[in-house]
């Protein structure tokens, strides 16, 4: 008997425009077939490779390719099968993903209709296969036009971002446009297509690990087999991470198409999987081999997994209202510092494992340990989750619903249930995946539009309300997650639970958008804008000037911040007012494009670093985990754009990436400065005493206390006055520790509001026993716009290239704020940016690719503003 044969159908494909529905196709002819360059693919990618459409990432070209998403397209190929395949009793065509409304014909017979981009299909085709050529045709209808048709049959519903018809279409929602992304409605076979012929095959594997308090592990393996009902034997074993040693289970008989195998491992026979920074990431491989009575191998399946316990802890706090919302991994409570993830390209088939690795390695190199897969994109490729397993990145996984009042009619619910089942089964074995969340911000949409939302009602048929998607988030999805996995389910992000609205800061997770959006608070208020777990917050900043020049496409007439092209490459409503609000409140700035890039980047770096600094301070040990996580919006972009991303589309980190990296080091030091006014005469406002107070704290994410020296140096920006003191301190394990509180050194008490304070800059460092710098932070008086900076020639700034040509040493005789380094020509991979520099504390910055070139430095007070 033959074993399973899998043939990937990735050759001989061609595509054609079927119907443009009357739009101008700019020279693309209906009915003309063109060879596909690379498979799988989508239409825009092929047209771009042929030069038949302009690059939508450049200039205003986005709007010249809209016809592509409103047209109907077809893909076809011809494949052969051999005698062995024809003789097999079972033959299935497998479509891993079709985008989105697709009709599939095999040898002229319709075998499939699909309307969900997130669903895979397996179709039995044994009776239709021919000995020689087999014709496979896939017709794709415009998802935009079909969505509008479906919406007209039902109703128009509320949403933020994109066209309202998207709520009726199970397609990546960001394709409809978002406040950081273009409108690019893709279509095509976006995932692999293959043919499997077999006698019997392993259909599903469900691996469940359970680790008790004594760290004895139990491994339950359930699997199902499809094929003739003859006796089969399964050999099940677990391969160690080294791939050599194996743990075998007794052979099992497959009865009624399913079987179970169990393993019990003492703690010395396996290793736990930990998030990065807390331990190693050993990955085991489960192998199942099924054979017939004659010993013929019919199928083999392997699945990687890890041993770990994860809990989402929502306990009462010692001395604050509400409850924690934190992740405990293998008994260790983890502060989650990380990012939100959107799809990394508007054209998903261009993503490779190497690109995913580059993105996720940046995350790890930036000291981040969690990534949230946002609900308006896709359930990411297997490569993404495999790399998160390997790198130790915790994954918060949303279901694909975003910013909308989604309907819940029967046909849509059936499709969503299949989508949820398939993706929970696909992701459940990844040790990195620690939470499923029902959607992104849909409860906030309900609150905003005053839809039916009684948080105390857990029993109604929500399908009969104005917020019918509660049925999806509170009935359908949790039942699927519970049935098919052991992963924690959270109804939404944000979601408070306990009958509280999504804006409650004392329960659940929080999207804190009152900086930038909402009430547009100063970023200095992050400490009072905290939540138990802040799963979104952000600030915009321009990308690298090279990225700006890319989207300008050589059009120098548009190379200024207010141009039409710049406007098209920032999709956020009111971005001009918001950027200028935060710039004007805090900086004296210039308007040439190079300067505008610099000042928005420094603003973003200061804003985001401040959030991580203040919120890590709120991780104070067990029972006092007032803030247990901060996930910045966002790590990445899907095209070249000005957005909230901290790394741009071309993987060029913005200065904010580095300022966050510093705040998420294992050891950090933080400071907060505040002016406190008192009135000695309660009846008088004229008599006043103003004192500048300073607080210093340290954080330690390791599990052992750390003895360090706190080294504090203060400088007057306009005189030779300095002050320095040191103090031996102990940082508590896995917590923040308050280290010192007092008045700002050298700052006299003021008695008049007209008294301008001295410009005192305070630098704090944590030093280990050998004197090495573990952490540093420099606190400046704010707002920066009030500072009169010394003349550049008086700073004593030295920027020298190291002997290796791949490093830069910085030193100064006066404090300098916000140094950003660059070079002419080919870009450099910098080790740090947005650097604060003080006398007596030179810094060496790695500069891979510098090749000894002259380095330019921008900083506040560099004479450009």
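The values are calculated or read from the model by the stated rules, or taken from the named source; none is laboratory data. Quick caveat, the model's predicted, so the values are computed rather than measured. Every residue, glycine as well, gets a Cβ built from its backbone with ideal geometry; the counts of neighbours run over all protein chains shown.
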Q) In the stretch 378-402, which residue that is in a loop (DSSP other than H, G, I, E, B) and in contact with a strand residue (DSSP E or B) (Cβ under 8 Å, 6 or more places away or on another chain) is surrounded by the fewest Cβ atoms within 10 Å (Cβ to Cβ)? A) 380
Q) Has the stretch 425-435 got any residue that is closer than 27 Å to residue 221 by Cα, assigned to a helix (DSSP H, G or I) and out of contact with any strand residue (DSSP E or B) (no Cβ under 9 Å at 6 or more places or on another chain)? A) yes
Q: Could you check residue 523 against (1) closer than 30 Å to residue 822 by Cα; (2) at pLDDT 95 or above; (3) touching a helix residue (DSSP H, G or I) at 6+ places or on another chain (Cβ under 7 Å) and say which number it fails?
A: (2)
Q. Residues 364, 318, 334: which one is within 27 Å of residue 530 (Cβ to Cβ) and either in contact with a strand residue (DSSP E or B) (Cβ under 7 Å, 6 or more places away or on another chain) or buried (at least 24 other Cβ atoms within 10 Å of the Cβ) (or both)?
A. 334
Q. Of everything in the stretch 620-633 that's within 22 Å of the chain's Cα centre (by Cα) and closer than 15 Å to residue 670 by Cβ, which residue is surrounded by the most Cβ atoms within 10 Å (Cβ to Cβ)?
A. 630
Q) Would you say residue 811 is more than 34 Å from the chain's Cα centre (by Cα), under 30 Å from residue 726 (Cβ atoms) and surrounded by fewer than 17 Cβ atoms within 10 Å (Cβ to Cβ)? A) no
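Residues are listed down the side, and each one gets a yes or a no for (1) in contact with a helix residue (DSSP H, G or I) (Cβ under 7 Å, 6 or more places away or on another chain); (2) part of a helix (DSSP H, G or I); (3) buried (at least 19 other Cβ atoms within 10 Å of the Cβ):
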position	(1), (2), (3)
518	no, no, no
527	yes, yes, no
531	no, no, yes
554	no, no, no
562	no, no, no
571	no, no, yes
577	no, yes, no
583	yes, yes, no
600	yes, yes, yes
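Of the residues in the stretch 602-627, how many are in contact with a helix residue (DSSP H, G or I) (Cβ under 9 Å, 6 or more places away or on another chain) and in a loop (DSSP other than H, G, I, E, B)?
4
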Q: Determine which member of the set 357, 323 is outside the structural domain of residue 631 (by TED's automatic domain parsing) and surrounded by 15 or more Cβ atoms within 10 Å (Cβ to Cβ).
A: 323
Q. Out of 98, 159, 112, 136, which single residue is in contact with a strand residue (DSSP E or B) (Cβ under 9 Å, 6 or more places away or on another chain) and surrounded by fewer than 19 Cβ atoms within 10 Å (Cβ to Cβ)?
A. 112
Q. Identify, please: which residue in the stretch 586-596 is in contact with a helix residue (DSSP H, G or I) (Cβ under 8 Å, 6 or more places away or on another chain) and assigned to a helix (DSSP H, G or I) and is, among those, nearest to residue 519 (Cα to Cα)?
A. 586
Q: Among the residues of the stretch 368-377, write down those that are over 10 Å from residue 397 (Cβ atoms) and either assigned to a loop (DSSP other than H, G, I, E, B) or at pLDDT below 95 (or both).
A: 368, 369, 376, 377
Q | Among residues of the stretch 650-691, those that are buried (at least 21 other Cβ atoms within 10 Å of the Cβ) and either without any contact (Cβ under 8 Å) to a residue 60 or more places away in the chain or closer than 21 Å to residue 783 by Cβ (or both), counted | A | 5
Q.
Being surrounded by fewer than 22 Cβ atoms within 10 Å (Cβ to Cβ), touching a strand residue (DSSP E or B) at 6+ places or on another chain (Cβ under 6 Å) and either in contact (Cβ under 8 Å) with a residue 60 or more places away in the chain or within 27 Å of residue 565 (Cα to Cα) (or both) is the requirement here; does residue 167 meet it?
A. no
Q) Which condition number in (1) closer than 15 Å to residue 627 by Cβ; (2) assigned to a loop (DSSP other than H, G, I, E, B) is the one that residue 337 fails? A) (2)
Q. For residue 172, which of the numbered conditions (1) over 27 Å from the mean Cα position of the chain (by Cα); (2) under 30 Å from residue 59 (Cα atoms) fails to hold?
A. (1)
